[in-house]
1. For the chain, what does -39500 (n - 2.57) per DSSP helix run (n ≥ 4), summed and divided by total residues, give at 222 nm, in deg cm²/dmol to the nearest 500?
2. For the chain, taking Cα atoms only, what is the radius of gyration to one decimal and the Dmax to the nearest whole Å?
3. Which residue, K235, K207, K59, tops the fluctuation ranking in a GNM of the chain built on C-alpha contacts under 10 Å?
4. Expressed in nm², what is the orientationally averaged projection area of the convex hull enclosing the Cα positions of segment 152-196?
5. Relative contact order for segment 195-248: what percent, with Cα pairs under 8 Å and sequence separation of 6 or more?
6. So which residue, out of N105, N233, N193, gets the largest mean-square fluctuation from a GNM of the chain using Cα contacts under 10 Å as springs?
7. Over the Cα atoms, compute the radius of gyration (one decimal) and Dmax (the largest Cα-Cα distance, rounded to a whole number) for segment 39-80, in Å.
8. Near K179, which lysines are there with a Cα under 26 Å away, not counting those fewer than 8 places off in the same chain?
Amino acid sequence: MAPLKPDIHICPTNQALIESVSSEIISLARRAVERHGWATIALAGGSTPRDLYGFLATKPQCDQIPWNQVKVFWGDERHVPPDHPDSNFRMAHEALLAHVPIPANQVFRISGELPDANQAAIRYEALLRRELCAPEDAIPRFDLILLGMGPDGHTASLFPGSQVLQESTRLVAAPWVEKFQTFRITLTPPVINQAAHVMFLVSGASKADTLRAVLEGPYAPLELPSQVIKPANGKLSWWVDREAAQRLSAS
Ligand code: 6PG
């Protein structure tokens, strides 16, 4: 089945983007729960996702999500403890999870505190298989994966030139990121592309050139890792504000 074409939603402001994404998440979560009893969602790091989490934590949005049937994961994590200022877990916990009634045993963070980042990746891969009920030979399928996009076209912790961009079997990897001189722990393309829904959140003028290159330029995922995200049997959507969309062709 050919991958579905992404649909692109251009919102007038960052706030409008967040409100649109929030209502999309609410309906996705409710549909997933109706369908199979759970909604499995992987969160992203970054400032745009953080703004979304803050909005989701407020009424009436927060009351519209069936938190008792939601399982929360992360698409990537920094190689730091959960209370570190750079931790994606800490950011999402402070912005959202501390303010909603999700049971603690339904929040599955990546163990960024482990001295060996690869061990954290191995541990998280086993957790994904268990919590998403995927047999050994199958790729777990998230209901929703949220992604941001950096100005260099990275997403999750898939950075330009990374070997993880060509990973075909592991679900979680721990690449060295030269530009930050640190390891990261990240979902790999196979598991992201297995998701039922992948939503990119991109805002701000600083992303405009990269967004145009990713969506309209030649396919070059080693240079523009966001291009590697093409759910084979799922829906890809881009939620961008007008600032980020300003270089896209009118069509
Ligand atoms: C991270 C994120 C990363 C982020 C993008 C966009 O760990 O930092 O996973 O992929 O989503 O860098 O971040 P901004 O929205 O802050 O530009």
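1. Computed ellipticity for the chain at 222 nm equals -8500 deg cm²/dmol.
2. Cα radius of gyration and Dmax of the chain are 16.8, 49 Å respectively.
3. K59
4. That works out to 3.1 nm², a quarter of the Cα hull's surface.
5. 63
6. Among N105, N233, N193, the largest mean-square fluctuation in the Gaussian network model of the chain belongs to N105.
7. 11.6, 35
8. K207, K230
Laboratory data are not the source of any read-out in this text; all were calculated from the coordinates shown. This is a predicted model, so every value here is computed, not measured.
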